[in-house]
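Inspection log for the structure reproduced underneath, given as structure tokens.
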Amino acid sequence: MREQNYRMEFMVHYHEVNPKEQATPLTLLYYLEDAAIAHSESVGYGLSQVKVEGLAWVLNRWHLQMEQYPLLGEKVIIETWPSSFERFYGRREFLIRNMNQEIIGRATSLWIFYNVATKRPSRISSEFGEVYGLDPVRAIDDSFEPLQGLETGTGAGTRAEKGTEVGVGARTTEGAQEFSVRRSDIDTNGHVNNANYLQWMLEVVPHDIYRNNQLASLEIQYKKETTYGSSIRSKCQIESLDLLRSVCRHVILGDDSGQELAIAKTVWVKR
């Protein structure tokens, strides 16, 4: 990778960790987003610069893989670079390093360059590649095919979880919960910050999985924005479950419309 790849350091603070004093997945997404914004600021295409032109970057996909989570007080180094600009899509890559420069996680993302007034994608100028400097190396080789949603035909109550045995070492479980969009959930575009969708998704992961396992992989596809005052419903369905590895499917629904706002897949491994 080229030396021009952007690097940003973070210190893991007390309010960013879980009961095991590990940085949470939500914290890592905030770090990645901050590094991407700082990179854009450094080359003259930050939030204020593109906003003047009525434009914005809208996140469409995250794919995060973590081998190890940094601990309270540890330093985290995020390395990021754009791997491609095509029409109105930009792919951005990330490496997550610990204090010893060892790679403990990686991520790739897909962004849409967006005209705020027309609410339509806007073509990316050819000069973006020259200004940012493209590095075609991918942190994760993901073609961003559409994610699979939840299986239909098994409803879930607002706060209930239910399990049905489907075979040795496997079962299907659903959980769901409603949330109201708060002022603190809103970002500079007037929509819910993308990381908050993950928070809603993790709230309905069955407790045994959440307590005894670590999130090893996360894929999210954002489909429709939501705003302050709206209600949403977060649903989780276990796709596979065994002693060492569990896979969950997630969906965030607009509670009034029932439209899919975001879908995701999480993979959990024993701590």
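Each value in this text was obtained by applying a stated rule to the coordinates, not by laboratory testing. This is a predicted model, so every value here is computed, not measured. Methodologically, a virtual Cβ is constructed for each residue, glycine included, from the backbone with ideal geometry; neighbour enumeration extends over all protein chains shown.
Treat each spin label as a single point 7 Å out from the Cα along the C-beta direction, and report the Ser257 to Gln199 distance in nm. Taking the two extended label points, one gets 2.2 nm.
For the chain, averaging the sequence separation of C-alpha pairs within contact (under 8 Å, six or more residues apart) and dividing by the residue count gives a relative contact order of 17 percent.
Using a cutoff of 8 angstrom between alpha carbon atoms and counting only pairs six or more residues apart, the relative contact order for the range 1-133 works out to 27 percent. Taking Cβ atoms as reference points and 12 Å as the exclusive limit, the residues near Gln221 contribute a net charge of +1, counting Lys and Arg as +1 and Asp and Glu as -1. The long axis of helix 25-42 is offset from the longest Cα principal axis of the chain by roughly 10 degrees. What number comes out for the charge environment of Asp256, summing +1 per Lys or Arg and -1 per Asp or Glu over other residues with Cβ under 15 Å away? Charge balance near Asp256 sits at -2.
The slack in the chain from Asp34 to Thr227, taken as 0.36 nm per residue of separation less the alpha-carbon distance, amounts to 67.3 nm. A simple count of charges around Lys265, restricted to other residues whose Cβ falls under 10 Å of its Cβ and scoring Lys, Arg +1 and Asp, Glu -1, yields -1. Each eigenvalue of the Cα gyration tensor of the chain, multiplied by 5 and square-rooted, gives one semi-axis; in descending order these are 31, 23, 17 Å. Sequentially through the range 220-228, phi angles give Karplus couplings (6.51, -1.76, 1.60; θ = phi - 60°) of 10, 10, 8, 10, 7, 7, 9, 10, 4 Hz, Gly and Pro residues having no value and appearing as x.
What is the projected area of the convex hull of the Cα atoms of the range 161-270, averaged over all directions, in nm²? All intermediate terms of the calculation are to be shown ahead of the outcome.
On the way: hull surface 27.7 nm².
Mean projected area of the Cα convex hull: 6.9 nm².
Taking the Cα centroid of the range 107-155 and of the range 9-24, what is the distance between the two, rounded to the nearest whole Å? Taking the Cα centre of each part, the range 107-155 and the range 9-24 sit 28 Å apart. Okay, which of the range 100-142 sit inside 12 Å, backbone N to the point 7 Å along the Cα-Cβ direction of Val43? It comes to 125-136, nothing else.
Seen from all directions on average, the range 1-40 presents a Cα convex hull projection of 3.5 nm². Sequentially through the range 4-14, phi angles give Karplus couplings (6.51, -1.76, 1.60; θ = phi - 60°) of 6, 4, 7, 10, 9, 9, 10, 10, 6, 9, 4 Hz, Gly and Pro residues having no value and appearing as x.
The length gained on full extension between Lys270 and Tyr210, counted as 0.36 nm times the residue separation minus their Cα-Cα distance, comes to 20.6 nm. For the chain, the number of Lys pairs with C-alpha atoms closer than 15 Å, counting only pairs eight or more positions apart or on separate chains, is 7. Go ahead and run the numbers for FRET between Val137 and Ser217, Cβ-Cβ distance against an R0 of 22 Å, rounding to 0.05. Here the calculated transfer efficiency is 0.65.
Here the spin labels are modelled as points 7 Å beyond Cα on the Cα-Cβ line, and at Val116 and Ser184 they lie 2.5 nm apart.
For the range 6-132, a Kirkwood hydrodynamic radius built from all Cα pairs, placed in the Stokes-Einstein relation at 4 °C and 1.567 mPa s, yields a translational diffusion coefficient of 84 µm²/s. Across the range 1-53, C-alpha contacts under 8 Å between residues 6 or more apart give a mean separation that, scaled by the residue count, equals a relative contact order of 24 percent.
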